[in-house]
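Peer 1: The structure that follows is given in the form of structure tokens.
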Amino acid sequence: QVQLVESGGGLVQAGGSLKLACAASGRTFSSNYMGWFRQVPEKEREFVAGINWSGDSTKYADSVKGRFTISRDNAKNTVYLQMSSLKPEDTAVYYCAAGSKTYTIRTTGRSYDYWGQGTQVTVSS
């Protein structure tokens with residue numbers, strides 16, 4: 001059992017930055033990888049970024065490469081998503097997730113076992 005709680009969402013103007021955090025508790029040692037997804041109404045949940053347990057491997061969606069950075073601090077059981085150069089198209093509810101189906105980072109929602117409740121990010125023009 002893993003519990004995930006996101007924080008850091010809010011309203012920001014286009015071009016601005018936000019840093020999201022995902023605090024994990026429970027059996028965090030069982031999660032081989034963690035990721036960030038986002039979702040807007042009427043759309044499928046979209047993979048944004050992922051990171052493995054050691055933090056030496058990351059994956060990003062093409063839409064956020066060069067603008068977003070995922071990192072983790074295992075001592076604090078926390079994963080971060082630094083978002084820069086934000087665009088209105090980045091507006092969504094952002095979710096963090098943890099998975100253990102493989103030892104490598106996965107990019108599909110069904111590959112993750114635990115999900116946070118989400119945090120709203122709104123980017124205004």
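Peer 1: With springs only between Cα atoms under 10 Å, which of A92, A14, A75 fluctuates most in a Gaussian network model of the chain?
Peer 2: A75
Peer 1: Within the chain, which is the longest segment that contains none of the trypsin sites (Lys or Arg not before Pro) sitting in a DSSP loop with at most 14 other Cβ atoms within 10 Å?
Peer 2: That gives 66-100 as the longest site-free run.
Peer 1: Related question: Just check the chain against the gyration tensor rule for me: Cα atoms, a ≥ b ≥ c as the square roots of the eigenvalues, rounded for a/c under 1.5, and otherwise prolate or oblate depending on whether a/b exceeds b/c.
Peer 2: In terms of gyration-tensor shape, prolate.
Peer 1: Set the Förster radius R0 to 30 Å, insert the Cβ-Cβ distance between S25 and S63 as r into 1/(1 + (r/R0)^6), and round the FRET efficiency to 0.05.
Peer 2: Computed FRET efficiency for S25 and S63: 0.50.
Peer 1: Here's another thing I want to ask about it. Expressed as a whole number of Å, what is the distance separating the alpha-carbon centroids of segment 65-125 and segment 27-48?
Peer 2: 6 Å
Peer 1: Chymotrypsin sites (Phe, Trp or Tyr not before Pro), restricted to segment 24-125: which are DSSP loop and have at most 14 other Cβ atoms within 10 Å?
Peer 2: Counting only loop positions with at most 14 other Cβ atoms within 10 Å, the chymotrypsin sites (Phe, Trp or Tyr not before Pro) in segment 24-125 are Y103.
Peer 1: Accessible area of V123, 1.4 Å probe, to the nearest 10 Å²?
Peer 2: Counting only protein heavy atoms, the figure is 10 Å².
Peer 1: Now a separate question. Could you work out what % of the accessible surface of the chain is carbon and sulfur, using a 1.4 angstrom probe and leaving DNA, RNA and ligands out of the count?
Peer 2: Summing carbon and sulfur atoms, their accessible area is 48 percent of the total for the chain.
The values are calculated or read from the model by the stated rules, or taken from the named source; none is laboratory data. Only a predicted model underlies this, so the values are computations on that prediction, with no experimental measurement involved. Cβ atoms come from the backbone with ideal geometry, glycine included; neighbour counts cover every protein chain shown. Surface accessibility is based on the protein's heavy atoms, side chains included, excluding ligands, DNA and RNA. Shrake-Rupley method; radii C 1.70, N 1.55, O 1.52, S 1.80 Å.
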